Amino acid sequence: MAGRKKTFHGVTVGILMVKTGFCRLPGDVGHAGTWDFPVQYRIVEGATPDKMMALESSGLLDDFKAAARDLVAGGVDGIATTCGFLALYQRELAAACGVPVASSSLLQVPLAQRLIAPDKRVGILTFSKESLHASHLEAVGVDAGTPVEGMPADSVFVTAIKSGDVVPRHEAMRVEVLQAAERLLDRHPDVGAIVSECANMTPFSADIAERFGIPVFDGVSLINWFQAGLRPRRYPAA
């Protein structure tokens with residue numbers, strides 16, 4: 001789409017945001033300080049956390065399409081999101097936007113599987129195990145039998161996000177995410193890499209990798225990779 005008209009310039013990635021009010025931490029996809037490059041955010045007004053947990057029946061596809069098209073019309077060159085459950089809309093958004101779309105960190109699962117030994121599997125950490133269905137996984141080419149571990153419904157992590165808690169809960173969330181990773185690895189000892197579905201887990205990926213000694217991929221690693229392809233680094237001529 002070289003040469004197209006733009007309202008704003010110098011922003012490659014547009015990020016669709018779920019409408020939340022909780023305190024997003026540095027490292028979260030929805031925290032602008034996470035990025036080494038500018039991003040343009042767009043809130044999808046009807047996309048509340050509860051509706052994202054029932055995306056199949058939410059009727060939000062048209063809302064996400066409209067928000068994505070608005071970002072593209074403004075000037076972005078690619079669309080990303082702050083919710084891994086939007087894997088369900090990957091094909092529809094890519095077809096509707098006219099630019100590349102990286103809907104979900106779960107897009108990295110097939111790649112991560114090929115990076116590790118054949119006797120190892122990728123495991124998924126998610127906001128809600130009960131809400132992550134086979135349809136989400138299959139929409140981005142992930143085996144429906146992939147090991148999954150979620151956050152407890154009564155955890156600080158879940159309740160803070162759902163209630164719109166404005167107080168930073170870094171340490172409590174960090175402990176709970178590490179506990180979830182430990183449960184995943186205890187139940188599935190053959191897991192050799194983790195992909196975090198939830199963009200709010202990304203502040204703790206380094207803690208997981210350091211504690212358990214396996215690679216962790218998340219919404220930030222996806223968008224960094226995505227942006228690198230949309231705007232490759234230019235090197236000086238020799």
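The values are calculated or read from the model by the stated rules, or taken from the named source; none is laboratory data. All values derive from a computational prediction rather than experimental measurement. Cβ atoms come from the backbone with ideal geometry, glycine included; neighbour counts cover every protein chain shown. Ligands, DNA and RNA are excluded from the accessible area calculation, which covers all protein heavy atoms including side chains. Shrake-Rupley method; radii C 1.70, N 1.55, O 1.52, S 1.80 Å.
Quick notes on this structure:
- Percent carbon-and-sulfur accessible area, the chain, ignoring ligands, DNA and RNA, probe 1.4 Å: 54 percent
- Counting only protein heavy atoms and a 1.4 Å probe, the stretch 163-238 has 54 square angstrom of accessible area per residue.
- Residue 23 - accessible surface, heavy atoms, 1.4 Å probe, Å² rounded to 10: 40 Å²
- Packing around the peptides 10-19, 59-68, taken as the average count of other Cβ atoms within 10 Å per residue, puts them in this order, highest first: 10-19, 59-68.
- Computed with a 1.4 Å probe over protein heavy atoms only, the accessible surface of the stretch 1-156 comes to 43 Å² per residue.
- Modelled label reach - residue 231, point 7 Å along Cα→Cβ, the stretch 4-30 residues with backbone N closer than 16 Å: 4, 6-16
- Taking the Cα atoms of the chain, the ratio Rg/Rh between the radius of gyration and the Kirkwood radius comes to 0.96.
- Separation between Cα centres of the stretch 109-139 and the stretch 162-203, rounded to whole Å: 15 Å
- Close amide H pairs (under 5 Å, H built 1.01 Å from N) link residue 43 with 17, residues at least 5 positions away or on another chain.
- Model label zone, residue 190; criterion: amide N under 20 Å from point 7 Å along Cα-to-beta-carbon; scope the stretch 105-122: 109-122
- Cα gyration tensor shape of the stretch 35-116, rounded if a/c is under 1.5, else prolate or oblate by comparing a/b with b/c: oblate
- With kT/(6 pi eta Rh) evaluated at 10 °C and eta = 1.306 mPa s, and Rh the Kirkwood radius from Cα pairs, the stretch 152-235 diffuses with a coefficient of 111 µm²/s according to Stokes-Einstein.
- Stretchable slack from residue 238 to residue 178, in nm (0.36 nm times residue separation minus alpha-carbon distance): 17.0 nm
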